[in-house]
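Here is the structure we will look at, set down as C-alpha cells.
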Ligand code: ZN
Ligand code: ZN
Ligand code: FE
C-alpha cells in the first residue's frame, strides 16, 4: 500500500504499526520519498479492516491524499515492524508544521497521577513543536533545539518503543529531563517561586501584563475581560486601535466568548490552531479588545504551557505578539527582556530555544470555506502545489509589507512564515536569516529569483544582491497569479486586484486593476479612475488627504462650500494649501488603488482622518456599513471603452451632497459597498465578454472586506461567471510570494 499526503512527522508509522498488530497482520511500514509504504499480510478480512482503519483512524495531523493498493505474492509470516526510512527521502516530507497539543497529551498534563502532570512541554508524535525548533536536517533530535536535553531512561524507552505514542517523537521530554519554565521581573531580574505558571496566572488575574514565551515567540498577555488591563497593554505597547487576539482554554469557552459556526469551530480546533475571526458571544470581553468590530479573533490554547496558564487564570487572555510596534515578534529571551521592558510586568520564559520565530496564523470562514489572512504557525512549511513545474529552483522574494517569501522546486512551493513589514533592520535581518534557513532545510538552491517591479523596495534590493537572474513580477499580476495557483489554473482568467497599492508598469501606483492574466503575463484591461495621492506616501497613512483628492476630482472648489464632517478634522485652509500643491503635481503620484478609495470614503464620512494601522479607515467603513444592510447602491460610472474605467466621482459627489444635507453616514457606507460591487460586476462582465474568459480571481488586500467580497461574488455568479477567492494564502500581500513563484515558474518552463 502506498499512502501519500501529509503522513510523515505526524505519528503515522506508530499508528500503522499498532493497527497492524491489533489485526494480527505481518509485514512492515516505512517512510520513503513519496510518503509511506506498507506491506501487510494476513486473512482477507483483517487486511480489509486494516485498509479501512488507515482511512478512518489516521492520526489527527495526518492528511491522506491517496492510498493505492497492489497485490503481492505471499511472503513469510512474522511480527509487523517499522522499517528504517528509505534514504533519499525528500526534505519536503521531513519538516513538519508545529502541531497543537493533542487530547492524549492534554489528558496527561491534567492528570495528577501522571508523571507529566502539570508539565508545560509535554508532546508526542501527534503534537508539539516542529518547524520552530528544527535547526537542520534530517529531522532528528540533535538537529532540533532539544539537542541540549538528554532523555531520561523512561523518556528514552518511550522514544524507542514502536508501540508507544512517543516513538521517535524528537521533542519528547518530561519534568525530569526536559525544559523548564521560570519567571523574570519586568526589569529582567530572575524571580524564584514554587510554580512559575501559577504565579504568572495570579499576576494576570491581578490585572498585570505578562510576557509569555510560547512556541514561535513571546506573547504579551493580559486578562481579556478586564478593560483596565487591556487599556494598559494598549497604552504601553503604543497600539491604539488594532484588534487584539484572545486565547481561550477550550471550544466551550470559544462558544461563550464568540459564536463560532460549525465550520469556524473546526478551524479553531484544527492542529494549526489559528486565530479565527468569529462573531462575538454572550460572555463579554473588555471593550477595547476589538473596539468597533463585529468579530473578534479567538484561538485555542495550543501548547501545554498555554493550557496550564489559562486553566490557572480561569479566564480568556489577550495574547498579542510580543514586540514593539512595527518590529518582528521577540523570540529570544535576552532580546525579549530588553525590548519588552516597560511593557511587561512579568516575564514567563523557558529554556527550550526557539530556532525560527513564527507568528500565530489568522483565518476566517467566508462563502463556506476557510480563508487565510495570515499564513504562518501551524501551516509553514507545508507545501502548496503549482499547476506547472518550474524548470529550475526559484526564490520569490515577496512583497515589501506583510512579507512572506517562497521557495519553489518542481511543482512544490514552500511559503515562509510571516516575516512582516520590511521597514526596519530587525525585519530585514529576519528575512535574510529565514531565506537561508528555509533553503537549507528544504535543500533548495535557487537559480532564479522573482521580485517586484518597484525600483527600490527592500525585497527587490535583496533579489539584486543575490546575483541571480531576476524575473520581475508586477504586484497585482502576482496577486492574481496566487489565486490562479491555488485553483490549479493555467488557462487565462480575469483578475480583479483591489489593493492597497503596488508599483505599476507605467510607474503609477496601481491597486484597482482588471487584468487578463496568464501564468506568465498579463494585459491591463481596466482600472479605477486614477486620482492624485496628495503628499505621496503620507496619503497612505492620512486618509483625509485621499478624501481631499477625490472631492477635488468630483466637485472641485464647490467641495469647500459644503458642510462636511471632513472639515471638522482638517481645516479648509490647510486643505486648500495641500490641494494647491497637488494640482501643481507636487508630490502627488497618480493612484488607482481601491484601498485608497476606501480611505477617502472613511475620512469623508468623518470616521478616520488618520490611520494608526494599515486598513484602519477601511475597516471602520466596513463595520459602519454592516449596521445598515440593504441600503441602496450609490452611483458609480463604468466606462467600457477601449480601456474599462470604474469612476467613483459621481459616488463621491453624491456622498458629499448627502452629508451636507445631514444624511445618515451608515446608509452611505453601505451604499458605497453595494455600488462598488455592482460597478465591479459590470466592468468584469464587459471584460470577460471581450476576452472570452469565465473564471474571475478576486484578490488583493481590499478583498479582506467581507461585504464587498460577498456582494461581488453574488453579482458575478448571477452573470454566469465563476468568482474565485484566495483560500490557502491570504488575499493580502502575504500571498504575493506564491503569485511571484507561479509567474516565474511559468516563465522558466
Ligand atoms: Zn500529543
Ligand atoms: Zn524524561
Ligand atoms: Fe498588494
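A residue that is assigned to a strand (DSSP E or B), modelled with pLDDT of 95 or more and crowded, with 17+ Cβ neighbours inside 10 Å occurs somewhere in region 329-344.
On the stretch given as region 368-379, residues that are touching a helix residue (DSSP H, G or I) at 6+ places or on another chain (Cβ under 9 Å), more than 13 Å from residue 735 (Cα to Cα) and assigned to a loop (DSSP other than H, G, I, E, B) total 1. Taken over region 654-711, residues that are surrounded by fewer than 24 Cβ atoms within 10 Å (Cβ to Cβ) and assigned to a loop (DSSP other than H, G, I, E, B) amount to 7. Within region 491-503, residues that are in contact (Cβ under 8 Å) with a residue 40 or more places away in the chain sit with their Cβ atoms under 7 Å from residues that are within 7 Å of ligand 3 (Cβ to nearest atom) and in a loop (DSSP other than H, G, I, E, B), at 6+ positions apart or across chains, in these pairs: 497/700; 498/700; 499/700.
Let's see how each residue does on (1) in contact with a helix residue (DSSP H, G or I) (Cβ under 8 Å, 6 or more places away or on another chain); (2) buried (at least 17 other Cβ atoms within 10 Å of the Cβ); (3) at pLDDT 95 or above:
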site: 8; (1), (2), (3): yes, yes, no
site: 30; (1), (2), (3): yes, yes, no
site: 55; (1), (2), (3): no, no, no
site: 60; (1), (2), (3): no, no, no
site: 66; (1), (2), (3): no, no, no
site: 89; (1), (2), (3): no, yes, no
site: 95; (1), (2), (3): yes, yes, no
site: 112; (1), (2), (3): no, no, yes
site: 116; (1), (2), (3): yes, yes, yes
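Which count do you get for residues in region 157-182 that are within 13 Å of ligand 2 (Cβ to nearest atom) and in contact with a strand residue (DSSP E or B) (Cβ under 6 Å, 6 or more places away or on another chain)? Summing the residues that are within 13 Å of ligand 2 (Cβ to nearest atom) and in contact with a strand residue (DSSP E or B) (Cβ under 6 Å, 6 or more places away or on another chain) in region 157-182 gives 4.
Checked against (1) in contact (Cβ under 8 Å) with a residue 60 or more places away in the chain; (2) crowded, with 24+ Cβ neighbours inside 10 Å, residue 716 passes all but a single condition, namely (1). The single residue among 533, 547 that is within 19 Å of residue 506 (Cβ to Cβ), at pLDDT 95 or above and surrounded by 21 or more Cβ atoms within 10 Å (Cβ to Cβ) turns out to be 533. For region 144-156, filtered to residues that are part of a loop (DSSP other than H, G, I, E, B) and surrounded by 18 or more Cβ atoms within 10 Å (Cβ to Cβ), the residue that is nearest to ligand 2 (Cβ to nearest atom) is 151.
Residues that are away from ligand 1 (no atom under 16 Å from the Cβ), in contact (Cβ under 8 Å) with a residue 24 or more places away in the chain and assigned to a helix (DSSP H, G or I): does region 722-734 have at least one? Checking region 722-734: at least one residue is away from ligand 1 (no atom under 16 Å from the Cβ), in contact (Cβ under 8 Å) with a residue 24 or more places away in the chain and assigned to a helix (DSSP H, G or I). Within region 109-136, being under 14 Å from residue 8 (Cα atoms) and either away from ligand 1 (no atom under 13 Å from the Cβ) or in a helix (DSSP H, G or I) (or both) holds for one residue alone: 131. Can you confirm whether region 466-485 contains a residue that is without any contact (Cβ under 8 Å) to a residue 12 or more places away in the chain, assigned to a loop (DSSP other than H, G, I, E, B) and surrounded by fewer than 24 Cβ atoms within 10 Å (Cβ to Cβ)? Looking through region 466-485, at least one residue is without any contact (Cβ under 8 Å) to a residue 12 or more places away in the chain, assigned to a loop (DSSP other than H, G, I, E, B) and surrounded by fewer than 24 Cβ atoms within 10 Å (Cβ to Cβ).
Do we find a residue being within 15 Å of the chain's Cα centre (by Cα), crowded, with 24+ Cβ neighbours inside 10 Å and either part of a helix (DSSP H, G or I) or at pLDDT 95 or above (or both) anywhere in region 299-319? Yes, some residue in region 299-319 is within 15 Å of the chain's Cα centre (by Cα), crowded, with 24+ Cβ neighbours inside 10 Å and either part of a helix (DSSP H, G or I) or at pLDDT 95 or above (or both).
Remark: pairs (first residue in region 121-134, touching a residue at least 60 places away in the same chain (Cβ under 8 Å) and under 22 Å from residue 417 (Cα atoms); second residue within 16 Å of ligand 2 (Cβ to nearest atom) and part of a strand (DSSP E or B); Cβ separation under 7 Å; 6+ apart in sequence or on different chains) = 133/144; 134/144. Among the residues making up region 719-732, a single one is within 16 Å of ligand 3 (Cβ to nearest atom) and surrounded by fewer than 21 Cβ atoms within 10 Å (Cβ to Cβ): 725.
For residue 96, the stated conditions hold: it is closer than 21 Å to residue 434 by Cβ and assigned to a loop (DSSP other than H, G, I, E, B). Taken together, 514, 525 contain a single residue that is modelled with pLDDT of 95 or more, away from ligand 3 (no atom under 16 Å from the Cβ) and farther than 14 Å from residue 746 by Cα, which is 525. In region 510-521, what residues are surrounded by fewer than 24 Cβ atoms within 10 Å (Cβ to Cβ) and part of a strand (DSSP E or B)? Correct list: 516 only.
Condition check: touching a residue at least 24 places away in the same chain (Cβ under 8 Å) and over 30 Å from residue 5 (Cβ atoms). Does residue 412 satisfy that? So residue 412 does not fit the description; no.
The residues of region 39-50 that are over 15 Å from residue 79 (Cβ atoms) and not in a helix (DSSP H, G or I) amount to a single one, 43.
Pick from region 159-198 the residues that are out of contact with any helix residue (DSSP H, G or I) (no Cβ under 8 Å at 6 or more places or on another chain), in a helix (DSSP H, G or I) and surrounded by fewer than 19 Cβ atoms within 10 Å (Cβ to Cβ): which of them is modelled with the lowest pLDDT? Among them, the one singled out is 160.
The values are calculated or read from the model by the stated rules, or taken from the named source; none is laboratory data. Remember, predicted model here, so these are calculated numbers, not experimental data. Neighbour counts are summed over all protein chains in view; Cβ atoms, including those assigned to glycine, are modelled from backbone coordinates with ideal geometry.
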